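Novice: Please read through the structure below; I'll follow up with questions.
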Amino acid sequence: MSVNTFGRLLRFTTWGESHGPALGAVVDGCPPGLMLDESAIQPFLDARRPGQSKFTTQRQEPDAVRILSGVFEGKTTGTPISLMIENVDQRSKDYSEVAKAYRPGHADYAYDAKYGFRDYRGGGRSSARETAARVAAGGVARLVIPEVAIVGYVAEIGGDAIDMANFNPDEIGNNPFFCPDSLAAARWEKIVDDARLAGSSVGAVVECLATGVPAGWGAPVYGKLDADLAAAMMGINAVKGVEIGDGFSAARLTGEQNADPMRPGNDGPLFAQNHAGGIAGGISTGQPVKVRVAFKPTSSILSPVETIGRDGQATEIRTKGRHDPCVGIRGMPVVEAMMALVLADHMLLHRGQCG
C-alpha cells in the first residue's frame, strides 16, 4: 500500500500530483470551535510559493488555498477539513525526456520499480510540489497549539553556514533565503546564482525552533516526540538527514559537555544549556524544541548526467523545465509546517492521556 496519511489524533492526508489539476490535504481530528478561514493558512503558502525570486523555480503558481469542508460560520466543526490548491502553470512537455530515462538522485527509477509505471510529469507524487499541501495542513495545526511559536530559517547553503554571532530573527523575512544572517545571505546570492547559471544545484540545511512547548508532550518508547519529528522531517521531499538538538555533534562531546544542567526556577527548572533540543526520553522538557534538516541538491538539473533508460540501456539525461537551484530554500516553510503538525498531534495525545 502507499501511505499518504500522517499523525495519530490530528491526522492529515495529502493528495494530488505536480501536474494534475489540483492538490490538497484532508485534516482530520482538529478540535471544534477554532476560528479558521483561508487567511489563516495563506501566509504560510505564500512563503513557500514558487517564482518569487531568481533563486527558486520560475513556475508561477498563486497557491491560493480553498477550504471545502470542516468549517461553518468561520469555525472548525470537528469534522474533516478539506483543503485544495489548484495547479495553474504546468508544462508537462518539459518532461518528455524524463519519460524515457531516469533522473539520477530522483525517485524515477524507484517509483517504476515499485509500481511498474509512473507519472513522469514533474515527478508526480515525488515532486516537491506535494509539500504545498503539507504547508496548508500545517496552517490548521498552528491553530491547535496557539501557545507555541515556530520559527524556521535556512542555516546553510552549499556548505556555507551562518555565523550565530550575526543571528538576527528580523532578517529572516528580509531576504529570499529566509536567512537570519545578512552577511551570509549576501554570500548565498552568488552561490545559488552560480549554480543556477551552470544548470546545477546546491543543498541546504534548515533549522526550526519551537518555543512555548510545555514539559510533558511525547511518550517514553514508541511514541517519542523526537522520533515522530524525525519521521515527519524525513518524509519531506529531498530531505536526507535530521538532527534533534546537537544531533551528530553530541557524539563528539563528553557526558559533562552534553549535559543540560538544571537549577531551581519559579515555574520549573532553569536549564543552562539545550543540547537535547528540548526533548529527553522522547518527552518535551519545556525548553525550545530544535530540529535541523538537511536537504540534498535538486536532482533535476540541466547538466548532463549518466543514467539508464526504461529499456535498461545506457544514456545521458538533461532535465529541462523550471527547477529550484536550491530546494532547501522553499523547504523552510515545509519544515515549519511539519513541526506544527507533529506538536499539535502530541498536544492532543497528551491531553487524551493525562488530561
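Novice: Lys/Arg Cβ at +1, Asp/Glu Cβ at -1, dipole of the range 221-328 taken about the Cα centre: which of Val293, Pro325, Asn258 is farthest positive-ward?
Specialist: It is Pro325.
Novice: Can you pull a Stokes-Einstein diffusion coefficient for the range 216-345 at 25 °C (0.890 mPa s), Rh from Kirkwood over Cα pairs, as a whole number of µm²/s?
Specialist: Values: Rh = 17.4 Å.
So the translational diffusion coefficient is about 141 µm²/s.
Novice: Heavy atoms only, 1.4 Å probe, whole protein assembly: order Phe6, Phe55 by accessible area, highest first.
Specialist: Ranked from most to least accessible, the order is Phe6, Phe55.
Novice: Mind checking which of Leu34, Trp188, Ile308 is farthest towards the positive end of the chain's charge dipole, using Cβ charges of +1 (Lys, Arg) and -1 (Asp, Glu) about the Cα centre?
Specialist: Checking the options against the dipole of the chain, the answer is Ile308.
Novice: Assigning unit charges at the beta carbon (Lys, Arg +1; Asp, Glu -1) and nothing else, what dipole magnitude in debye, to the nearest 20, does the range 289-355 show about its Cα centre?
Specialist: Numbers: 9 positive and 6 negative charges, 38 e Å.
Its charge dipole is roughly 180 debye.
Novice: Rounded to a whole number, what % of the accessible area of the chain do carbon and sulfur atoms account for, probe 1.4 Å?
Specialist: Values: 8940 of 16330 Å².
Exposed carbon and sulfur together represent 55 percent of the surface.
Novice: Separate question: Based on Cβ point charges of +1 for Lys and Arg and -1 for Asp and Glu, what charge dipole magnitude is obtained for the chain about its Cα centre, in debye rounded to the nearest 20?
Specialist: Numbers: 35 positive and 40 negative charges, 170 e Å.
In debye, rounded to 20, the chain gives about 820.
Novice: If I ignore ligands, DNA and RNA and count only protein heavy atoms, how much of Thr13 is accessible to a 1.4 Å probe, in Å² to the nearest 10?
Specialist: Roughly 50 Å² of Thr13 is accessible to a 1.4 Å probe.
Novice: While we're here: Could you work out how far helix 131-144 tilts from the main Cα principal axis of the chain, as a 0 to 90 degree angle to the nearest 10?
Specialist: 20
Novice: Taking Cα atoms, how many degrees apart are the long axis of helix 225-234 and the longest axis of the chain, rounded to 10 and kept between 0 and 90?
Specialist: The two axes meet at around 10 degrees.
Novice: Moving to a separate point now. Based on the inverse mean of 1/r over its pairs of different Cα atoms, what is the Kirkwood hydrodynamic radius of the range 311-355, in Å?
Specialist: Numbers: mean 1/r = 0.0685 Å⁻¹.
Taking every pair of different Cα atoms in the range 311-355, averaging 1/r and inverting gives 14.6 Å.
Novice: Let me ask something else about it. What Kirkwood Rh does the range 203-291 have if only Cα atoms enter the pairwise 1/r average? Answer in Å. Let's see the in-between values first.
Specialist: Details: mean 1/r = 0.0723 Å⁻¹.
This gives a value of 13.8 Å.
Novice: Please report the Cα spread of the range 280-355 along all three principal axes, rounded to whole Å, starting with the longest.
Specialist: Between the extreme Cα coordinates on each principal axis of the range 280-355 lie 60, 26, 21 Å.
Novice: Report D for the chain in µm² per second (integer): Stokes-Einstein, Kirkwood Rh on Cα pairs, 37 °C, 0.692 mPa s. Write out the running numbers ahead of the final one.
Specialist: Details: Rh = 21.3 Å.
Value of D from the Cα-based Kirkwood radius: 154 µm²/s.
Novice: Now for a different question. I need the fraction of alpha carbon pairs in the range 107-231 separated by more than 17 Å, rounded to a whole percent.
Specialist: 72
Novice: List the lysines whose Cα lies under 28 Å from the Cα of Lys100, skipping any in the same chain that are fewer than 8 positions away.
Specialist: Lys114, Lys240, Lys296, Lys320
Novice: For the chain, build the charge dipole from Cβ charges (+1 Lys, Arg; -1 Asp, Glu) around the Cα centre, then report which of His19, Ala47, Val242 sits farthest towards its positive end.
Specialist: His19
Novice: Please list Asp37, Asp170, Asp345 from largest to smallest accessible area, probe radius 1.4 Å, with all protein chains kept in place. Walk me through the numbers on the way to the answer.
Specialist: Values: Asp37 75, Asp170 115, Asp345 10 Å².
The most accessible residue leads, giving Asp170, Asp37, Asp345.
The values are calculated or read from the model by the stated rules, or taken from the named source; none is laboratory data. Bear in mind the structure is a predicted one, so any value in this text is a computation, not a measurement. With ideal geometry, Cβ positions are generated from the backbone for all residues, glycine too; neighbour counts draw on all protein chains shown. These accessible areas exclude ligands, DNA and RNA; they are computed on the full protein's heavy atoms, side chains included. Shrake-Rupley method; radii C 1.70, N 1.55, O 1.52, S 1.80 Å.
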